[in-house]
Amino acid sequence: MSHRVERLSLLLLGQRPVYNHQQAADAAQMDPDQSLQLWQSLGLATPDPDEAMFTDADVQALRMVAQIRDSGIGTALELASARAWGQAMTRIA
């Protein structure tokens, strides 16, 4: 990662990414395939499995999504909601 990208990541994310996809899913106690489905439903690119792209905030967000899903919302509604959020964010950007 270039120095500029690293500085920008720190500014925007509050910390340097420290987890790759598998590590983030493990830390959130979420199935890696489910977290990947969620990521893709948000309209984001498939993460490089070896690259640290996730922060503690991402892990916390995955934990919250897992808790909401486990409370009865189900995977289908979780992914539909993620797609709606992703589309809305695309329009804002």
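The values are calculated or read from the model by the stated rules, or taken from the named source; none is laboratory data. The structure displayed is predicted, hence computed values, not measured ones. Virtual Cβ from ideal backbone geometry, glycine too; neighbours counted across all protein chains shown. Calculation scope for accessible area: heavy atoms of the full protein, side chains included, ligands and nucleic acids excluded. Shrake-Rupley method; radii C 1.70, N 1.55, O 1.52, S 1.80 Å.
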### Query
Leaving out ligands, DNA and RNA, what percent of the accessible area of the chain is carbon and sulfur, probe 1.4 Å?
56 percent
### Task
Please work out how much length the chain gains when fully extended from residue 60 to residue 77, using 0.36 nm per residue of separation minus the C-alpha to C-alpha distance, in nm with one decimal.
4.1 nm
### Query
Residues with amide H under 5 Å of residue 53's amide H, sequence separation 5 or more or different chain, H placed in the peptide plane at 1.01 Å from N; which?
19, 20, 21
### Message
Tell me the relative contact order for the chain as a rounded percent, counting alpha carbon contacts under 8 Å between residues six or more apart.
### Response
31 percent
### Query
Dipole of the chain, Cα-centred, from +1 at each Lys and Arg C-beta and -1 at each Asp and Glu C-beta, to the nearest 20 debye?
460 debye
#### Entry: Equivalent ellipsoid semi-axes, the stretch 23-68, via Cα gyration tensor eigenvalues times 5, rooted, Å
15, 13, 9
### Message
So with the 1.4 Å probe, I'd like the accessible area per residue for the chain, rounded to whole Å².
### Response
68 Å²
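For residue 23 and residue 84, what is the calculated FRET efficiency with R₀ set at 25 Å and r taken between the beta-carbons, to the nearest 0.05? Please list the in-between numbers first.
Details: r = 28 Å, r/R0 = 1.11.
Result of the calculation: an efficiency of 0.35.
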### Query
Rounded, prolate or oblate: which one fits the stretch 8-93, using the alpha carbon gyration tensor with axes a ≥ b ≥ c (rounded when a/c is under 1.5, else prolate when a/b beats b/c, else oblate)?
oblate
### Task
Grab the beta carbon distance between residue 45 and residue 8, set R0 = 22 Å, and tell me the FRET efficiency rounded to 0.05.
0.80
